[in-house]
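The values are calculated or read from the model by the stated rules, or taken from the named source; none is laboratory data. Note that the structure is a prediction, hence the values are computed from the model and not measured. Positions of Cβ are generated from backbone atoms using ideal geometry, with glycine treated the same way; all protein chains shown enter the neighbour counts.
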Amino acid sequence: MMALGSVCEEPDHRASCRETGKERSQRERERGERERREEERERDGPQGELQRDRQGTVTERERERGGRERERRGGKERRGREETDHRASCRETGKERSQREREEGGEGEKRGGERKRRTTGRAAERPARNGHRERERGERGERERERREEREREREERERERGREGGEREREGGEEKRRTTGELQRDRQGTVTERGERERREEERERDGPQGELQRDRQGTVTEREREERREREEGGEKERRDHRASCRETGKERSQREREEGGEREERREREREKRGEKREERRERERRRRRERGGERKREERKRDGPQGELQRDGKERSQRERERREERGEREREEERRERGTTGRAAERPARNGHRERGERERERRGGGGREGGERGGERDERERERRERRERGERERERREGEKREERGEREREERERERGGEEREEREGEREEREREEVRERRE
């Protein structure tokens, strides 16, 4: 070994350790076999994706990752084959082999670490030698896959059994559950039982599937076969629900019978309500009539008391109205006369000659100038004018006082009349309002029924 090493250290060591034809044939056969296995492994992927893809158990994420791994591994393996060919064409000495094994040990650990990060399982921590570990890993994966499929079948069987039992329970106890539990309302109130919570969790789990397909489908880790099984399961559940609804649905004969019974009860109840309403309406009308009679008698008594035993107030009011009317007419005539006179003597109307009023003015002038002499006549006329003005003022004051009193009396009589009218109108309005409200209430009740 040492001698070989010393020989191989010489510059022309390639010629001294060149392989024979037999060795080269053996090496090429081994290389072809190795390349074929590597190609199969490359096609199959680090987790055996090709084989699992044929079985429908590979996920989308694994398929993508396998493609990236194959690309990265292809470059490394090409470089490794070139180095192997070089070593085969120029066989190494023992010293070189030791050095290489030391280097490959470190490189193998590094490669194993990368592979471990890329994949899973303890076998990925070290490189497989001569394929037996790889074979063991494949057998172990096959056994694991069989166990997993067996567990899935058992779980699906349990789910189907539970679904059948649940359907029977719903058919048997649907009415009782609707009558007694009311989980939805009690859940809002925080009073739902542990059984209700457990059923809710089971429903969520059933929606998610035995392997949590719904959640894994969102993560991209569900397989095609699992997706198909879930679809079949959902279609089967829908069919069971349809069958359950069909079995619970009442026939036309049952529905007719139920509607007849409900209609009879409804008609009886409506008849009782009508009778009760009629009695109440009669009582209310009787009360209204009694109240109106009492109120009308009270009003008549009040009017008689105000009017006096012989109706003096009413007769006095008529006479007073007549007197007021006559007085108003007289007052109006006098006021018109005064206005005519004033237009002829004072104010802006005196600046222009009043039509047919100049004669009145001439008469007044002659009266003012009456008496002895021009001056005496003027003084006597002035005195008469003042007396006349005083008299007119007194008359005006008297007329004004009478007018005010008449207006007050009229207002008082008008107020009394309005009050009487209002009382009468209020009673009639109350009666109309009561009847209208009663009609509206009856309409509302009939609409409800």
Helices (runs of 4 or more DSSP H) (entirely within the range 1-44) containing at least 1 residues that are at pLDDT 60 or above and exposed (fewer than 12 other Cβ atoms within 10 Å of the Cβ): 13-16, 21-44
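Considering each of GLU204, GLU168, GLU240, GLU157 in turn, give the residue that is in a helix (DSSP H, G or I), modelled with pLDDT of 70 or more and more than 34 Å from the chain's Cα centre (by Cα). Full working, then the answer.
Values: GLU204 fails: more than 34 Å from the chain's Cα centre (by Cα); GLU168 fails: modelled with pLDDT of 70 or more; GLU240 fails: more than 34 Å from the chain's Cα centre (by Cα).
GLU157 is the lone residue from the list that is in a helix (DSSP H, G or I), modelled with pLDDT of 70 or more and more than 34 Å from the chain's Cα centre (by Cα).
Could you please let me know if GLU430 is in the same structural domain as GLU319 (by TED's automatic domain parsing) and either more than 27 Å from GLU294 (Cβ to Cβ) or surrounded by 11 or more Cβ atoms within 10 Å (Cβ to Cβ) (or both)?
On the way: in the same structural domain as GLU319 (by TED's automatic domain parsing): no; either more than 27 Å from GLU294 (Cβ to Cβ) or surrounded by 11 or more Cβ atoms within 10 Å (Cβ to Cβ) (or both): yes.
The answer is no for GLU430.
Specify which of the listed residues (ARG277, ARG285, ARG272, ARG258) is touching a residue at least 12 places away in the same chain (Cβ under 8 Å) and over 35 Å from the mean Cα position of the chain (by Cα). Lay out the reasoning, then the answer.
Values: ARG285 fails: touching a residue at least 12 places away in the same chain (Cβ under 8 Å); ARG272 fails: touching a residue at least 12 places away in the same chain (Cβ under 8 Å); ARG258 fails: touching a residue at least 12 places away in the same chain (Cβ under 8 Å).
Among ARG277, ARG285, ARG272, ARG258, only ARG277 is touching a residue at least 12 places away in the same chain (Cβ under 8 Å) and over 35 Å from the mean Cα position of the chain (by Cα).
So is ARG439 closer than 25 Å to GLU326 by Cα, surrounded by fewer than 13 Cβ atoms within 10 Å (Cβ to Cβ) and not aromatic (Phe, Trp, Tyr) or not?
No.
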